[in-house]
Each structure stands twice: as C-alpha cells, then as structure tokens.
1. At 0.36 nm per residue, minus the direct Cα-Cα distance, what do residue 197 and residue 245 gain on full extension? Give it in nm, one decimal, please.
2. If you put +1 on each Lys and Arg Cβ and -1 on each Asp and Glu Cβ, how big is the dipole of the range 178-322 around its Cα centre, in Debye rounded to 20?
3. Only Cα pairs under 8 Å and at least 6 apart count here; give the relative contact order of the range 163-322 as a rounded whole percent.
4. What is the distance, in nm, between label points placed 7 Å from the Cα along the Cα-to-Cβ direction at residue 185 and at residue 125?
5. Between their Cα atoms, which of 208/303; 87/208; 225/296 are more than 24 Å away from each other?
6. Among the aspartates and glutamates, select those whose C-alpha is under 20 Å from the C-alpha of residue 196, and discard any that sit fewer than 8 residues away in the same chain.
7. Rounded to the nearest 10 Å², what accessible area does residue 268 have for a 1.4 Å probe in the complete protein model?
8. Measuring with a 1.4 Å probe in the full set of protein chains, what accessible area per residue, in whole Å², belongs to the range 127-260?
Amino acid sequence: MRVSKSKATKTLTVLITLASWLFCALSVAALSANSVTGSNDDVAQHRFKKIEIDTSVANPAPFMIQGPMPIEAEYFAGLLTDVRIEKAGHATFYLGNLNGYPIVVAQTGKGLENTAAATAVGIERYHPVAIINQGTSGGHDPTLNVGDIVLGKRAVNASNFKTPFRKRGEGSAPLQWLPMDLLASQGSAGEGDSAKDAERIRYYMGHKALLDAAREVKPEYKRGKVVEGTIASGNFWNNELDRIAWLHEQFGTSTEEMETAAAAQIAHGYGVPFLGVRVLSNNLTNEGHYDPSTAKGCQQFVKALIENLIERGSEPEGSPRI
C-alpha cells in the first residue's frame, strides 16, 4: 500500500511531538524526586545533631618531658589534665594534656642506664614529636650561679675514657685519660686499628628548632640567667675542683649531671628531636651551695618552652611522622 508524502510527514511530526512530551514529563518527574529528597535531608538536618569526621587528620604526637627524680618530674606532671599513669621498669610515665595538647612526663630514674631505658621505652610506646630532658645539675663554669639555666647546645658523655698504659706502681693519672667514642665504629674502641678513630669526643647537638623556641622564652625566667652551653653526663658526682676544671677546659662543659647524654644518644638513634635543659642546683667552682628548689624553676621554664612550641603549631623539622 502506498502512503502519500504529506500524510507520512504529518505522522512523523506527531511522533516527534509525543516523544518531546514524554521526555519533558520524565525530566519533571526526576526533578520532583530530587526536590523531595533534598527537602527530607533538610528536615533531617534540623531534627538531628550530627558530627562530621575527617579521617585524614592524625592526632598530634606528644612532647615527652623527662626528669630523673620526683622533684624533677612531679611538678610538671601536676600541670597536666586527664592524667593516667603507666610504669615500665624503673620509669614512671604520666600521660595527660597541657593546654589541650598531649604530653608525656617521664620520671626516668637517676643515671645513664635508667635514662637510656626510659627513653627507648617512651619512644616505642608514645612516639613523641620531641624530647626535652631537664632537671638539676652541678656547675662547671665559674661564671654561672645557682639558679642559672643551661640550654644544651651540646651534650656529652663525660665518663667515656681510655687510660694510657701505666706500669704497676705508677699510680693513676685521670687528667691524662683520653676521650673514647664508643660509636666511632663497630670494632673495638680500645685495641686494634679501630681504636685510634675512637679517641675523640662525641657531642650530641641540641635540635635547632627546640633551641630557637627556648631562646624566645628566656625573658620569662626570672630566677637567673639562661645561657647556651655543654651539658656533661656521667655516673659520677665530681667534688674535685681540678677534675671539674679539666672537664670545663678540655670538653667545654658548663654543668654536669647523670642523664642528658644518654637520652640524647637514644633520641639520635631513633631520629627524634632532642634538647637538654639543666638548672644549676649547686656550683663548687664559686661556692654555690645545693638548692633543690631550683628543680621547680627549671620545670616552670620548660612549661613556657612547651607552650611556645604548642602556640607555634608546627612540629620540629625532623620529627617522626606517626
């Protein structure tokens, strides 16, 4: 059957018109559905509380503040809120917050071994962004007085020595002892080819960003001067003025105690920024008598240092990323 050209054109026009109407109807229906859904969401937002969590934001890593004895740790621990206490070996860890920022106060116990163990445990457990080792000390520098604070631009283990050979009956000559760097090589530090490389002083440098932050709060400390120097550590208590003078002249020591260099060595091994801060509680070189109350003043200074770091709102360069 043949259909006229005009009739075919008319039929095609009708079909196109119907298709257009159907497309418009479907579009309107879709818009209406979206509108209803949006309205329901708006209602739900007004009816219910909500919280949105950005899982890409990590919790801040804590600062770890170390002090060997109770008088060198408990004041700072008392500044924290929401405190819980954990123990490991001889160390006690106080976990809490200062101005809303996480802090770990580690009472390490006295001496190089206790401090090294507490530092390693603290790093493994709490992953600190930086470590401040602080407390009391005995002065080597006659220009420093009881109550003055030394920022550890350097820390040194002042008990690592090699003695030159002396025959039986020739006595001991401590002022002729040689420094010994135990980490100079994996070989012997006392005999063989590697021993010569070990006859040197190893200094652990204070982290630059931590030193900078400490410098900024120096004016807040009123009990004495705040200087930069070398903190010497060793399991000894020197009362020989000639020995103290020798260490001051040969090692550049400002003050001595029993912990900072051990903590610095472990922090260095883990790549954690570190700074030693020590107040003089006595100084035999100028008859400065022992004053244990200086321990609180040192912790007050470290509090100002930590608050400055918190206000800066950035981690020291080189800090571990958790």
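1. Details: separation 48, 0.36 × 48 = 17.28 nm, distance 2.59 nm.
Separation in residues times 0.36 nm, less the Cα-Cα distance, equals 14.7 nm.
2. Details: 15 positive and 21 negative charges, 109 e Å.
For the range 178-322, the charge dipole is close to 520 debye.
3. On the way: 159 pairs, mean separation 31.6, N = 160.
Relative contact order here is 20 percent.
4. 3.9
5. Beyond 24 Å between Cα atoms: 87/208.
6. Excluding near neighbours in sequence, the set is 181.
7. Approximately 120 Å² of residue 268 is accessible to the 1.4 Å probe.
8. On the way: 6740 Å² over 134 residues.
Accessible area per residue, the range 127-260: 50 Å².
The values are calculated or read from the model by the stated rules, or taken from the named source; none is laboratory data. Computed from a prediction, not measured in an experiment: that's the story for all the values here. Every residue, glycine as well, gets a Cβ built from its backbone with ideal geometry; the counts of neighbours run over all protein chains shown. Surface accessibility is based on the protein's heavy atoms, side chains included, excluding ligands, DNA and RNA. Shrake-Rupley method; radii C 1.70, N 1.55, O 1.52, S 1.80 Å.
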